[in-house]
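Presented below is the structure to which this report refers.
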Amino acid sequence: MPKQVGIDHEIPKIEKLNDLSKKLKEEFRDKIKEVILFGSYARGDFTDDSDIDIIVIVDDEKIEKEVRKIAYSFIPEVEKLISVKVIGEKTFESMKKMGFSLTHSIEKEGVSIG
């Protein structure tokens, strides 16, 4: 069974995500609608083996590759794998209306960062 990690030890890593969000918003300005932490780090039940799940809601899906590149550049700083989902705002809203479990989880446990 994976060892649970204390939240105090992980706070600096989570704070680095604010820097990531700011960097994305500086780089892409109004194209970034929201950056959301979800999954085990948002719930606080992460372990040593957990990755950091974020979703970046954008108004232009053409920037997905660049968003991922910036997010992945933060992996050495947070010392964890960052799993990034980039999704268009309209697509995200459609998925919510259709009852996708991913959007339900993000609505329920997600934490807006930056």
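Every number in this text was worked out from the coordinates using simple rules, so none of it is lab data. All values reported here derive from a predicted model rather than from experimental measurement. Glycine also receives a Cβ, built like all others from the backbone with ideal geometry; neighbour counts cover every protein chain displayed.
In this structure the amide hydrogen of V58, modeled in the peptide plane, comes within under 5 Å of the amide hydrogens of K33, I87, G88, E89, none closer than 5 places in sequence on its chain. Give me the net charge for the shell around M95: Cβ to Cβ below 15 angstrom, other residues only, Lys and Arg +1, Asp and Glu -1. Neighbourhood net charge equals +1. How fast does the chain diffuse by Stokes-Einstein, in µm²/s, taking the Kirkwood radius from C-alpha pairs at 10 °C and 1.306 mPa s? So the translational diffusion coefficient is about 110 µm²/s.
Residue separation times 0.36 nm, minus the C-alpha to C-alpha distance between D49 and K90: what's the value?
Values: separation 41, 0.36 × 41 = 14.76 nm, distance 3.28 nm.
Stretched out fully, the D49 to K90 stretch lengthens by 11.5 nm.
Using a cutoff of 8 angstrom between alpha carbon atoms and counting only pairs six or more residues apart, the relative contact order for the stretch 31-76 works out to 41 percent.
Other residues lying with their Cβ under 15 Å from the Cβ of G110 contribute a combined charge of -2, Lys and Arg counting +1, Asp and Glu -1. Spin-label model, N18/S112: points 7 Å from Cα along the beta carbon direction are separated by 1.5 nm. Estimated from helices alone, the mean residue ellipticity of the chain at 222 nm is -15000 deg cm²/dmol (sum of -39500 (n - 2.57) over DSSP H runs with n ≥ 4, per residue). Give the angle, between 0 and 90 degrees and rounded to the nearest 10, that separates the Cα long axis of helix 7-28 from the longest principal axis of the Cα atoms of the chain. Compared with the principal axis, the helix lies near 20 degrees. Pairs of Cα atoms nearer than 8 Å and 6+ residues apart set the relative contact order; for the chain it is 35 percent.
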